[in-house]
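A.B. asks: Before I ask anything, here is the structure I am working with.
The values are calculated or read from the model by the stated rules, or taken from the named source; none is laboratory data. Just so it is clear, the model here is predicted, and its values are computed rather than measured. Cβ coordinates were reconstructed from backbone atoms using ideal geometry, including for glycine residues, and neighbour counts include every protein chain displayed. Accessible surface areas use protein heavy atoms only, side chains included; no ligands, DNA or RNA. Shrake-Rupley method; radii C 1.70, N 1.55, O 1.52, S 1.80 Å.
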Amino acid sequence: MSKKSFRTAINEAMAQEMRRDPRVIVMGEDVAGGQGAPGDDDAWGGPMGVTKGLQPEFGRDRVLDTPITESGFIGAAVGAAATGLRPIADLMFVDFMGVCFDQIFNQAAKFRYMFGGKAVTPVVIRTMFGAGFRAASQHSQCLYPLFTHIPGLKVVVPSNAYDAKGLMIQAIRDDDPVIFFEHKMLYDDMDEVPDESYTIPFGEANLTREGKDVTIVALGRMVKMANEAADLLKKQGVSCTVIDPRTISPMDTDSILESVEDTGRLVVVDEAHPRCNIATDISALVAQEAFGALKAAIQMVTPPHTPVPFSPALEDIYIPNTAKIIEAVRKTMR
Amino acid sequence: MSDAIKPIGMPKWGLAMTEGKVNAWLVQEGAKIAAGDEILEIETSKITNVFESPHTGILRRRVANEGDTLPVGGLLGVVADASVPDAELDAFVAEFAAAAAAAAVPPPEPVMVDAASWQARVLKLGPDDSTATPLLMIHGFGGDLQNWQFNQPDLAADRAVYAIDLPGHGGSSKALTGGDVAALTQAVASAMTALGIERAHLAGHSLGGAIALQMAVSEPARVASVTLVCAAGLGPEINIDYIEAFIRSDRRKDMKSTVETLFFDPAFVSRDMVDDLLKYKRIDGVLPALRTIADAVFAGGKQAAILADKLAGLGVPVQAIWGESDKIVPVAHAEAVANRHVLSGAGHMVHIEQPAEVNRLISAFIAGA
């Protein structure tokens, strides 16, 4: 056990599963280092260095650089999964996913259902998401609500290095297509991560804080903000439970409902665009299933309904933050 | 610095502790205190417990204030005779920080030891040059070497004290060659050999107690004494519902209520304790290992290895220490042992709930053995 970064945790998960299971392969743009020239071997490890070291250990047969053609290599990964491999496809930025929706929505997500349970599609699609990287509106979106909408996909959004490793190993061993969301502002975050392999089951929320006054649900990077808000509020006499669902399909609705039944107040923090996102989904769930327990209107902390701005000043205002979460919690206490 | 002045430093409870918070002083400045007296309540991220004075004398200075957070080894207070002048005390306190910084040694870390058929994680505390017979501490089902965090540092004042992770537990390898008491005893014996320990005092908690006793039966020459803490191996009854719930619980809420069964005072069960248990159980190989051990040791809901009838002819001194409110192994099982101590206000984790008394009993017992 030692402190490892979010990046290292995901790298270690992939490497350990590749050692354990020869069917696990990695494919994507620049994951092995370049377009096959000898000097390029392991040059990058993907744009954030997450796959670094895999190509030297497992070779180019199992770590495949692909052309810049998401529609092609995501389709290839889905087909490989349906025919016996367990591919991890790296789709760099989730913003680019639009060119391969058919491969994901109509093929990968449907095989098990349409072949009467006789087909499995054990593919993991890793992708980066989130604002804060000064990467403008085509490289900063969250978009996990789109995938949560589709039955047949599993959607994972880790918030820390420990969870990232356990959820990645679980994703690789899972027989269904898993979209694995990595927030680009978390890669350097450190956490105690065991050296051994371990799995975190899908659909099991983590309670990062426990309190009695307000329930805050947050995802990905927003969990950090929610924890900060809860710690500051605690000093002011307001105790909050912070729930990190970790996976939003399946989602641990029991933990959310049980907590709201205790606290009577709900704040949902979501970095995704505000319409039809996870905040609206959880708000609807609680309004329907725990209406009688609510002591105040549910509050949602989200960005405005605009593209992510390129201007650093505007981007900082755009992203939900600790102060906005505290304000929302205060609203539920009035 | 005068030898007549003795510092009281922030203890290190568990591998992850780097600092502790002084919740409350339990004695006044100027009070006469004896080694083993409870003098402070200290809170870490994992647990809150009382801290016993390592020294006897007069508490001349309470250096740390209530609410202060100090690093491990930080100066909490100073014990000295009444004859030591105030100026000397002040100089000691002033010099302490500088001296501590200069002499800072990293805290001992557990090491992996290659035993015959497994890799054991072992934490050794205590002087390297001690010739006293070492003490080996063996945790129970689902536990790890950190279960002895309130005992091992104290007992290591004058001898080497080893705490070991059983196969399938803690940081040890998770594959088992067998899950019954005999197989686990062989594993521990092979780890002793790998560590170069010819003969040791053994202290075993719960399942670890049965292992210690089995070792005394099968290899008496290697065992100087046995301390059984709420031990298995003395009668058929076991709280099998707890064992099954521990294996089954994979959510925080279930795990919390399950491990609360272990304590007289459920407030000992912190968020971090529950978290650590869930994290342990998620590691590859742990669930099969726990299943194999439970099926072998507690087959059909009864203890399979009962060694109580072996006590009479055993050439090894044995004592039993039990929590009066043990809800896992009945306190009545202590009656098999002539030298027994039943402590009130404690459950199955008596060594965590009443560390001062447990440490005193173990020290006195092995000193006389």
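A.B. asks: Being of a type in the set (A, V, I, L, M) and in contact (Cβ under 8 Å) with a residue 60 or more places away in the chain narrows it down to one of A:A109, A:A82, so name that one.
C.D. replies: After applying the criteria, what remains is A:A109.
A.B. asks: When you go through B:L15, B:L75 one by one, which is the residue that is under 26 Å from the mean Cα position of the chain (by Cα) and either of a type in the set (K, R) or within 14 Å of chain A (Cβ to nearest Cβ) (or both)?
C.D. replies: Being under 26 Å from the mean Cα position of the chain (by Cα) and either of a type in the set (K, R) or within 14 Å of chain A (Cβ to nearest Cβ) (or both) holds for just one of B:L15, B:L75, which is B:L15.
A.B. asks: Can you give me the number of residues within the range B:248-260 that are at pLDDT 95 or above and surrounded by fewer than 18 Cβ atoms within 10 Å (Cβ to Cβ)?
C.D. replies: Looking only at that region, the number is 3.
A.B. asks: Can you tell me which residue is nearest to A:M185 (Cα to Cα) among those in the range A:1-14 that are open to solvent by less than 10 Å² (accessible area, probe 1.4 Å) and within 14 Å of chain B (Cβ to nearest Cβ)?
C.D. replies: In this case the residue turns out to be A:A9.
A.B. asks: Would a scan of the range A:85-98 turn up a residue that is over 18 Å from the mean Cα position of the chain (by Cα), more than 21 Å from A:S5 (Cα to Cα) and without any contact (Cβ under 8 Å) to a residue 24 or more places away in the chain?
C.D. replies: no
A.B. asks: Another question, then. What are the residues in the range B:187-221 that are open to solvent by 10 Å² or more (accessible area, probe 1.4 Å), without any contact (Cβ under 8 Å) to a residue 60 or more places away in the chain and of a type outside the set (D, E), if any?
C.D. replies: The answer is B:G196, B:S218, B:A221.
A.B. asks: Name the helices (runs of 4 or more DSSP H) wholly within the range B:250-369 that hold at least 1 residues that are closer than 21 Å to B:F150 by Cα and touching a helix residue (DSSP H, G or I) at 6+ places or on another chain (Cβ under 6 Å)?
C.D. replies: So the answer is B:252-260, B:271-282, B:350-353, B:355-368.
A.B. asks: Which of the following residues is over 19 Å from A:N160 (Cα atoms), over 19 Å from the mean Cα position of the chain (by Cα) and surrounded by 23 or more Cβ atoms within 10 Å (Cβ to Cβ): A:I325, A:I282, A:I317, A:I256?
C.D. replies: When all the criteria are applied, what remains is A:I325.
A.B. asks: Also, quick follow-up: Name the residues in the range A:224-239 that are more than 18 Å from the chain's Cα centre (by Cα), within 14 Å of another protein chain (Cβ to nearest Cβ) and not small (G, A, S), would you?
C.D. replies: Within the range A:224-239, A:D231, A:K234, A:K235 meet the criteria.
A.B. asks: With respect to B:A332, is the statement that it is open to solvent by 50 Å² or more (accessible area, probe 1.4 Å) and closer than 18 Å to B:V223 by Cβ true?
C.D. replies: In short, no.
A.B. asks: Can you tell which of B:A320, B:A304, B:A338 is closer than 30 Å to B:P220 by Cβ, surrounded by fewer than 15 Cβ atoms within 10 Å (Cβ to Cβ) and assigned by TED's automatic domain parsing to the domain that holds B:N147?
C.D. replies: Just a single option satisfies the conditions, and that option is B:A338.
A.B. asks: Could you figure out which of (1) more than 18 Å from B:V358 (Cα to Cα); (2) assigned to a strand (DSSP E or B); (3) modelled with pLDDT of 90 or more isn't true of B:Q28?
C.D. replies: Of (1) more than 18 Å from B:V358 (Cα to Cα); (2) assigned to a strand (DSSP E or B); (3) modelled with pLDDT of 90 or more, only one is false for B:Q28: (2).
A.B. asks: With respect to A:T280, is the statement that it is under 30 Å from A:H139 (Cα atoms) and hydroxyl-bearing (S, T, Y) true?
C.D. replies: Considered against the rule, which asks whether it is under 30 Å from A:H139 (Cα atoms) and hydroxyl-bearing (S, T, Y), A:T280 comes out as yes.
A.B. asks: Go through the range B:190-212 residue by residue and tally those that are of a type in the set (A, V, I, L, M) and either at pLDDT below 95 or touching a Lys or Arg at 6+ places or on another chain (Cβ under 6 Å) (or both).
C.D. replies: The qualifying residues number 0.
A.B. asks: Shifting gears a bit: So B:E41 clears everything in (1) assigned to a loop (DSSP other than H, G, I, E, B); (2) open to solvent by 50 Å² or more (accessible area, probe 1.4 Å) except one condition, right? Which one?
C.D. replies: Of the numbered conditions (1) assigned to a loop (DSSP other than H, G, I, E, B); (2) open to solvent by 50 Å² or more (accessible area, probe 1.4 Å), the odd one out for B:E41 is (1).
A.B. asks: Please list, ordered by residue number, the strands (runs of 3 or more DSSP E) wholly in the range A:27-146 having 2 or more residues that are among the β-branched types (V, I, T) and either open to solvent by less than 40 Å² (accessible area, probe 1.4 Å) or in contact with a Pro (Cβ under 9 Å, 6 or more places away or on another chain) (or both).
C.D. replies: A:124-129
A.B. asks: If I filter the range B:119-134 for residues that are touching a Pro at 6+ places or on another chain (Cβ under 8 Å), within 14 Å of chain A (Cβ to nearest Cβ), over 30 Å from B:H55 (Cα atoms) and in a loop (DSSP other than H, G, I, E, B), do I get at least one hit?
C.D. replies: No: the range B:119-134 contains no residue that is touching a Pro at 6+ places or on another chain (Cβ under 8 Å), within 14 Å of chain A (Cβ to nearest Cβ), over 30 Å from B:H55 (Cα atoms) and in a loop (DSSP other than H, G, I, E, B).
A.B. asks: Go through the range A:159-183 residue by residue and tally those that are within 14 Å of chain B (Cβ to nearest Cβ) and not in a helix (DSSP H, G or I).
C.D. replies: Final tally of qualifying residues: 1.
A.B. asks: Suppose we keep only residues that are touching a residue at least 40 places away in the same chain (Cβ under 8 Å) and either surrounded by 15 or more Cβ atoms within 10 Å (Cβ to Cβ) or in the same structural domain as B:N49 (by TED's automatic domain parsing) (or both) within the range B:261-271. Which one would you say is nearest to A:G166 (Cα to Cα)?
C.D. replies: Applying the filter and picking the extreme gives B:S270.
A.B. asks: For the range A:189-223, enumerate the residues that are within 23 Å of B:S45 (Cα to Cα), open to solvent by 20 Å² or more (accessible area, probe 1.4 Å), more than 11 Å from chain B (Cβ to nearest Cβ) and without any contact (Cβ under 8 Å) to a residue 60 or more places away in the chain.
C.D. replies: A:G211, A:K212
A.B. asks: Right, next: Just to be sure before I move on: is B:V274 away from chain A (no Cβ under 14 Å), open to solvent by less than 20 Å² (accessible area, probe 1.4 Å) and either more than 22 Å from A:P245 (Cβ to Cβ) or out of contact with any strand residue (DSSP E or B) (no Cβ under 6 Å at 6 or more places or on another chain) (or both) in the structure I sent?
C.D. replies: Spelling it out, it is not the case that B:V274 is away from chain A (no Cβ under 14 Å), open to solvent by less than 20 Å² (accessible area, probe 1.4 Å) and either more than 22 Å from A:P245 (Cβ to Cβ) or out of contact with any strand residue (DSSP E or B) (no Cβ under 6 Å at 6 or more places or on another chain) (or both).
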